[in-house]
Amino acid sequence: MQLKRVLTLRTIVATSAGLCLASSSFVAATMVANYVLGDTAWIAILIGGALCFLAAACFSELNGILPTAAGIRLYFSRAFNDQVSIAVSLVYMLIVVLGVVGVESYILSRVLNEAFPAIPPYAWIVVMLSLVTAMNLRGIKLAGVFQDVVTYSLLAVLVFIGVFALYKNGFQLEAPLSPGGAVGVVQAVAVGVFLFVGFEWVTPLVEEVTQVKQISRGMMIALGVLSVVYAIFTVAMTAVVPKEALLAAPAPQLLFARTILGDFGASLMSAVILATSLKTFNAGIISVSRFMYSSAREHVLPAIFSRVSTRYFTPWVSILALFAIGLTVSAVTLATNRYMALVNLAAAVTSIVYALVGLAVISLRRRMPEEPRPYLIPYGYLIPVLTTLVFAFLAVALLASNLWVLAYLSVSLMVCLVYVNTAVPYLKKKHQARRPSARRRPSRTAEGVEGK
C-alpha cells in the first residue's frame with residue numbers, strides 16, 4: 001500500500017505554519033523580547049525568519065533531489081552516512097515530539113484548568129489527542145481541511161488582536177529601533193528560531209502532494225506569513241504588558257488579551273489557545289507519522305509502523321503510536337513542570353539540524369552533480385555555507401548558555417546511537433531473513449526511493 005496524492009499548496013502552507021504556530025511559541029516570543037531592549041523584539045524575529053529562509057532553500061533543493069517521506073533521514077544518509085542520518089533524524093523526531101507535545105500540553109492544561117477547575121488538566125489532553133488522532137486515522141484529506149480552517153483563522157485573529165492593541169496604545173513604542181548589545185541580540189535570534197521550529201516537517205508529505213514543488217513554495221510562504229504575524233503580536237504584547245509579567249505567566253498571550261480586552265479577551269484567547277493546540281497536535285501527527293512510516297519502510301523502525309490502511313490510505317500504526325507517546329509525554333510534563341527546558345532544547349536541536357542541512361546540500365552537489373534539481377539554490381554555495389555557519393553558531397550559543405540543555409541533548413544522542421548500532425542492524429537482518437527475494441523483486445515504493 002502507498003500513500004495517496006491529495007494535498008494542495010493551501011494545506012502545505014497551513015501544515016508548515018501550523019507546526020510552528022503553537023501556544024509555546026508565545027512563551028518563546030516573550031523570551032526573545034526579554035533579551036533585547038524596548039519594543040525591538042520584531043528585529044530579532046525578522047532576522048530569525050530570514051535565517052530560516054536560508055534553511056528552507058536548502059530543504060527545498062534536497063527535497064527536489066530526494067522526494068521521499070523519509071526526509072532528513074535520506075538526505076543525511078546520502079550526504080554523510082547511515083549512522084549519522086539515523087541518529088540525528090531520530091533525535092530530531094524525538095525532540096520535536098517532546099517539545100511540541102510537552103509544552104503545548106502544559107500551557108493548555110494550565111489555561112483550561114483556570115477556566116474549568118473541576119476538570120482534571122490531563123483530561124483535556126486525552127480528549128484533544130483522541131480527537132486529532134481520530135481525524136488522522138480517517139484520512140489526510142479530513143485532517144488537512146481541519147488544519148486549513150483552524151490555521152488561517154488563527155493567523156487572522158492574532159493579527160487583529162495585535163493591531164488593535166497597538167491602536168489602543170496609540171502606537172507608542174519604546175525605542176523600537178535600539179535592541180541593545182550584540183550578545184542580547186544573538187541570544188534573542190537563537191531563541192527566536194524556536195518560533196519557526198517545524199516548518200520543514202512538511203517534507204515528509206511529499207508523497208501525498210499533487211505536485212512536488214508545492215513543498216518548497218509552502219515552506220517559503222509559511223515562513224513569510226509567520227514572521228509578520230509573530231512580529232506584530234510580540235511587539236503589541238511588550239508595548240502593553242511589562243516584560244516581567246509576561247515572563248512570569250505560563251501563557252503570556254492570555255495575560256495580554258485580558259489586559260486589553262478584559263474578560264472577553266481572556267475568553268477569546270482561551271479559545272485561541274485551545275484551537276492552537278488542537279492544530280499543532282494535528283500538524284505534528286500528520287507530519288511525524290509519515291516520517292515514522294517511511295523509517296519503518298526502510299527498516300530503521302519496526303516494520304509494523306509501515307502499515308497503511310487499505311481504506312483511508314493512512315499509516316495507522318504510526319498515528320496510534322504517536323497518540324500513545326503524546327499521552328505519555330503530556331503526563332510527564334504536567335508532573336515535572338519542566339516545560340521551559342523543552343523550549344531551549346528544541347531550539348538547539350533545530351539549529352544543529354539546519355546546519356547539517358546546509359552541509360548536506362554542499363555534499364550532494366559534489367556526490368550527485370548530474371542529478372536533476374527541480375529547485376536549485378541560486379548564488380552557488382553561498383546560501384548553503386551561510387546556513388551552516390549561522391545555525392552552527394546559534395547552536396553553540398544556545399548550548400553554551402544552558403548546560404542542562406547540552407546534557408539532555410547528549411543523553412538523547414547517546415541513546416539513539418545505541419539504538420542505531422544494535423536495533424537497526426537487527427531489524428535489517430530480520431527483514432532479509434523473512435524476504436530473501438526482496439532484492440530481486442523490490443516494491444514499487446522501495447524502487448522509487450532507492451532510485452533516487
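The values are calculated or read from the model by the stated rules, or taken from the named source; none is laboratory data. These numbers come from a predicted model, not from an experiment. Neighbour counts are summed over all protein chains in view; Cβ atoms, including those assigned to glycine, are modelled from backbone coordinates with ideal geometry. These area figures cover heavy atoms from the full protein model, side chains too; ligands, DNA and RNA do not enter into them. Shrake-Rupley method; radii C 1.70, N 1.55, O 1.52, S 1.80 Å.
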Please list Glu371, Glu298 in order of solvent-accessible area, largest first, computed with a 1.4 Å probe with all protein chains present. Glu371, Glu298
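Calculate the dipole size of the chain relative to its Cα centre from +1 charges on Lys and Arg beta carbons and -1 charges on Asp and Glu beta carbons; express the result in debye to the nearest 20. Display every interim value, and only then the final one.
Numbers: 33 positive and 17 negative charges, 403 e Å.
In total the dipole reaches around 1940 debye.
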Per-residue SASA entry for Phe160, accessible area with 1.4 Å probe, Å² rounded to 10: 130 Å²
Taking the convex hull of the alpha carbon atoms in the chain, what volume per residue do you get, in Å³? 132 Å³
With a 1.4 Å probe and every protein chain kept in, tell me what percent of the accessible surface of the chain is carbon plus sulfur. 67 percent
Two-site FRET efficiency, Phe160 against Ile221, from Cβ-Cβ distance with R₀ of 30 Å, rounded to 0.05: 0.90
Which whole number of Å³ per residue matches the convex hull of the alpha-carbon atoms in the stretch 315-436? 188 Å³
Checked against the positive end of the charge dipole of the chain (+1 on Cβ of Lys and Arg, -1 on Cβ of Asp and Glu, about the Cα centre), the farthest of Val127, Leu205, Leu386 is Leu205
Within a Cβ distance under 13 Å of Leu131, other residues only, what is the Lys/Arg minus Asp/Glu net charge? +2
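Cα-based Rg of the stretch 211-292 per 2.2 N^0.38 Å, rounded to two decimals?
In units of the 2.2 N^0.38 Å rule of thumb, it is 1.38.
Give me the net charge for the shell around Ile273: Cβ to Cβ below 12 angstrom, other residues only, Lys and Arg +1, Asp and Glu -1.
Details: positive: Arg110, Lys279; negative: Glu104, Glu114.
Summing Lys/Arg as +1 and Asp/Glu as -1 gives 0.
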Name the residues of the stretch 48-71 whose amide N is less than 17 Å from a point 7 angstrom out from the Cα of Val385 along the C-beta direction? 54-55, 58
Counting other C-beta atoms within 10 Å, and keeping those with at most 16, which DSSP coil trypsin sites (Lys or Arg not before Pro) do you find in the stretch 87-173? Arg138
Dimensions of the stretch 30-117 along principal axes (Cα, Å, largest first)? 49, 35, 20
Give, in nm to one decimal, the length gained when the segment between Arg367 and Arg5 is fully stretched (0.36 nm per residue of separation minus the Cα-Cα distance). 127.3 nm
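Which values, in whole Å and largest first, are the semi-axes of the equivalent ellipsoid of the stretch 68-128 obtained as the square root of 5 times each eigenvalue of the Cα gyration tensor? Before the final figure, lay out each step's value.
Values: eigenvalues 290, 16, 10 Å².
Listed largest to smallest, the semi-axes of the stretch 68-128 are 38, 9, 7 Å.
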Testing the spin-label approximation: label points 7 Å from Cα along Cα→Cβ at Lys168 and Leu37. State their distance in nm. 2.9 nm
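Quick one: grab the alpha carbon gyration tensor of the stretch 1-147, order the square roots of its eigenvalues as a ≥ b ≥ c, and give me rounded if a/c is under 1.5, else prolate or oblate depending on whether a/b is larger than b/c. Walk me through the numbers on the way to the answer.
Numbers: a/c = 1.82, a/b = 1.19, b/c = 1.53.
In terms of gyration-tensor shape, oblate.
Per 0.36 nm of contour for each residue apart, how much would the distance between Ala331 and Ala118 grow if the chain were fully extended, relative to their Cα-Cα spacing? Display every interim value, and only then the final one.
Details: separation 213, 0.36 × 213 = 76.68 nm, distance 1.82 nm.
Full extension from Ala331 to Ala118 adds 74.9 nm.
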Met292: accessible area at probe 1.4 Å, nearest 10 Å²? 10 Å²
Dipole axis of the chain (+1 Lys, Arg; -1 Asp, Glu on Cβ), positive-most option in Val103, Ile273, Leu66: Leu66
Can you quote the Å³ per residue value for the convex hull of the Cα atoms in the stretch 115-219, rounded to an integer? 206 Å³
Only Lys, Arg (+1) and Asp, Glu (-1) charged, at Cβ; the stretch 1-156 dipole about Cα centre in debye: 540 debye
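Work out the FRET efficiency for Arg311 and Arg434 from their Cβ-Cβ distance, taking R0 = 30 Å, and round it to the nearest 0.05. Could you put the intermediate results ahead of the total?
Details: r = 26 Å, r/R0 = 0.86.
The formula returns an efficiency of 0.70 here.
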Taking R0 as 60 Å, what's the FRET efficiency between Ala134 and Leu177 from their Cβ-Cβ distance, rounded to 0.05? 0.80
What figure, in Å² to the nearest 10, do you get for the accessible area of Thr259 with a 1.4 Å probe and non-protein molecules left out? 70 Å²
Based on Cα positions only, what radius of gyration and what Dmax would you give for the stretch 268-337, in angstroms? 14.5, 46
